[in-house]
Amino acid sequence: MQTKTFGETGIRVAAIGLGTTGMGTKAFHSQEYVRQRIYSLQLGMDLGMTFIDTASLYGNGFSEEVVGSALKGKRENCFLATKFYPNEEINSQEIQLGLEASLRRLQTDWIDLYQIHWPNPRVNYEKVFEVLEKYRESGAIRNFGICNFSPQETWDLAKSIPRISIVSNEIEFNLQNQMMGNAYLDSKVFSGAILAYSPLNQGRIVGSKTQAKLIEVLAEKYQATPSQVALAWILSFERIFPIVKAATQEHVKENAGAMALVLSNEDIQSLSDSSAEETVEVKPESIKLRGTPQRNPYLTLEEAIRNPLNLIPSPKILSESILRYGLRMPIRVLSLAGNKDSFEYELDSYDPFDQVKKYWAWKIAFPGKPIPVSIGKVFQ
Ligand SMILES: NC(=O)c1ccc[n+]([C@@H]2O[C@H](COP(=O)([O-])OP(=O)(O)OC[C@H]3O[C@@H](n4cnc5c(N)ncnc54)[C@H](OP(=O)(O)O)[C@@H]3O)[C@@H](O)[C@H]2O)c1
């Protein structure tokens, strides 16, 4: 299966999309690594993954620039998704400039999917889409999507912009973390496409020893790799599209191979059943914040509220979403030495800022209360 129908749009889109995080910034990147990423994106498209997901926030626009280079000669065949993050002081000129800058960096006249990167309860989306609808009419934007919206947030958004069609939502969905994906599969709130980010659980693939054993058995049975089984499991959900980041060519080829793998209904069910997310609540003081000057995790509540690194969404805004919608949002941590009476964790460094935002948002929303964490481990 190379393509699937994209939600309710009727458009056929590559079943697996290519992720584009971690390329660095214009000022700080390795040229050799960027060359490798361009080659891997082009290889991915040549192997049928003609769907790229980027964002204006990734490397402050640098990821879009790299994608623009990778798309040379391939734009017509690629479904291109990028993201924007409107802030609460809606300024139509800023929204227009943001879109035009993305088009310029991507070296294209149109974006197939323009997505709101994160919900922000302070934003008046009616005003945002008043500006953007003109671009949809002119063809510069073909579809609108959202990311990281819970079902209730999606419902509220749809009510506030009744004339706008939102065709997709990009959320985390993998064997370890099925929480949000299941919330959508179980609810009738949204029938668009779901883009599953971190489909390989950020390279860990599984989330528990049980899953690790199961996926080995299935990989053997299907003569495939564990990653291919994990991707094929996501592909089995009709409207879910995994977005996988792979810098290495071996990984790109392996991931493309997953599009040909069809698991039996029984095996799909056993993978789903194996996946109860290992979320526990831990004392805030058991999470050690470590950082470097470049990757400062914020060390005080005051600093987190001030948000000097301009993390988006800010911990404060994220805390407002948590409070308003009752979101749990486990923070991914790594286990340090522990015994049965005392455990210590540190924030996962795969995407440290993502965890920093959630950690402080939780502390702002519920001072002193236990924090929900998902404990990341490598099981292979
Ligand atoms: N909308 C949002 O808020 C949001 C948030 C997070 C992510 N995303 C999107 O989703 C994309 C993917 O998410 P992610 O990077 O968090 O997680 P991921 O795709 O689950 O994991 C990427 C990691 O898995 C490794 N990998 C790739 N293919 C593999 C294979 N076949 N076998 C073993 N390891 C493999 C990669 O290694 P190599 O790179 O070394 O090959 C990389 O370390 C991002 O790039 C981004 O486009 C969106």
Review point. Tell me, which helices (runs of 4 or more DSSP H) wholly within region 101-204 include 1 or more residues that are closer than 18 Å to I243 by Cβ?
Key: 179-186
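Considering each residue of region 110-161, count those that are of a type in the set (G, A, S), within 20 Å of the chain's Cα centre (by Cα) and over 17 Å from S321 (Cα atoms), and give that number. Spell out how you get there, then give the answer.
So the first thing to find is which residues in region 110-161 are of a type in the set (G, A, S), and the list is 138-140, 145, 150, 158, 160.
Filter once more, so that each one left must be within 20 Å of the chain's Cα centre (by Cα): 145, 150.
From what is left, the residues that are over 17 Å from S321 (Cα atoms) are 145.
Residues flagged as of a type in the set (G, A, S), within 20 Å of the chain's Cα centre (by Cα) and over 17 Å from S321 (Cα atoms) within region 110-161 amount to 1.
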Exercise for review: Search region 205-231 for residues being of a type in the set (A, V, I, L, M, F, W, C) and part of a loop (DSSP other than H, G, I, E, B), and hand back the single one that is farthest from D348 (Cα to Cα).
Suggested key: A224
Point to revise | Close pairs from region 349-360: first in the same structural domain as L301 (by TED's automatic domain parsing), partner in a helix (DSSP H, G or I) and at pLDDT 90 or above, Cβ under 6 Å, at least 6 apart | key: Y350/Q202; K357/P315; K357/L318; W360/A304; W360/P315
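Kindly check whether there is at least one residue in region 83-90 that is within 19 Å of K245 (Cβ to Cβ), at pLDDT 95 or above, within 15 Å of the ligand (Cβ to nearest atom) and among the basic types (K, R).
So the first thing to find is which residues in region 83-90 are within 19 Å of K245 (Cβ to Cβ), and the list is 83.
Filter again for at pLDDT 95 or above, leaving 83.
This time we only want the ones that are within 15 Å of the ligand (Cβ to nearest atom), so: 83.
Next cut, among the basic types (K, R) only: 83.
Yes.
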Review point. Just wondering, is there one or more residues in region 266-273 that are outside any helix (DSSP H, G or I), in contact with a Ser or Thr (Cβ under 6 Å, 6 or more places away or on another chain) and either more than 10 Å from the ligand (Cβ to nearest atom) or in the same structural domain as G48 (by TED's automatic domain parsing) (or both)?
Key: no
Revision key, fill the gap. Filter region 205-227 for residues that are touching a residue at least 12 places away in the same chain (Cβ under 8 Å) and hydrophobic (A, V, I, L, M, F, W, C); the one that is nearest to A246 (Cα to Cα) is I205
Point to revise | Residue under evaluation I312, criteria (1) surrounded by fewer than 14 Cβ atoms within 10 Å (Cβ to Cβ); (2) at pLDDT 90 or above, criterion not met | key: (1)
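Just checking, which of G203, G207 is under 28 Å from H117 (Cα atoms), out of contact with any Asp or Glu (no Cβ under 9 Å at 6 or more places or on another chain) and within 12 Å of the ligand (Cβ to nearest atom)?
Details: G207 fails: out of contact with any Asp or Glu (no Cβ under 9 Å at 6 or more places or on another chain).
Going through G203, G207 in turn, just one is under 28 Å from H117 (Cα atoms), out of contact with any Asp or Glu (no Cβ under 9 Å at 6 or more places or on another chain) and within 12 Å of the ligand (Cβ to nearest atom): G203.
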**Study point:** Among (1) within 12 Å of the ligand (Cβ to nearest atom); (2) out of contact with any strand residue (DSSP E or B) (no Cβ under 9 Å at 6 or more places or on another chain); (3) within 25 Å of I146 (Cβ to Cβ), the one test that L43 misses
**Key:** (3)
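How many of the residues in region 134-172 are of a type in the set (D, E) and touching a residue at least 40 places away in the same chain (Cβ under 8 Å)?
Taking region 134-172 and keeping what is of a type in the set (D, E), we get 137, 153, 156, 170, 172.
If we keep only those that are touching a residue at least 40 places away in the same chain (Cβ under 8 Å) too, we end up with 153, 170.
The qualifying residues number 2.
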Check your understanding: Counting just the residues of region 216-240 that are of a type outside the set (A, V, I, L, M, F, W, C) and more than 26 Å from the chain's Cα centre (by Cα), which one comes out farthest from the ligand (Cβ to nearest atom)?
Key -> K221
Study note, to complete from the structure: In region 47-62, anything in contact with a helix residue (DSSP H, G or I) (Cβ under 9 Å, 6 or more places away or on another chain) and either more than 24 Å from T3 (Cα to Cα) or away from the ligand (no atom under 14 Å from the Cβ) (or both) is listed as G48, T50, S56, L57, Y58, G59, G61, F62
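The values are calculated or read from the model by the stated rules, or taken from the named source; none is laboratory data. Source: prediction; values computed, not measured. All Cβ positions, glycine included, derive from the backbone under ideal geometry; neighbour counts span all protein chains shown.
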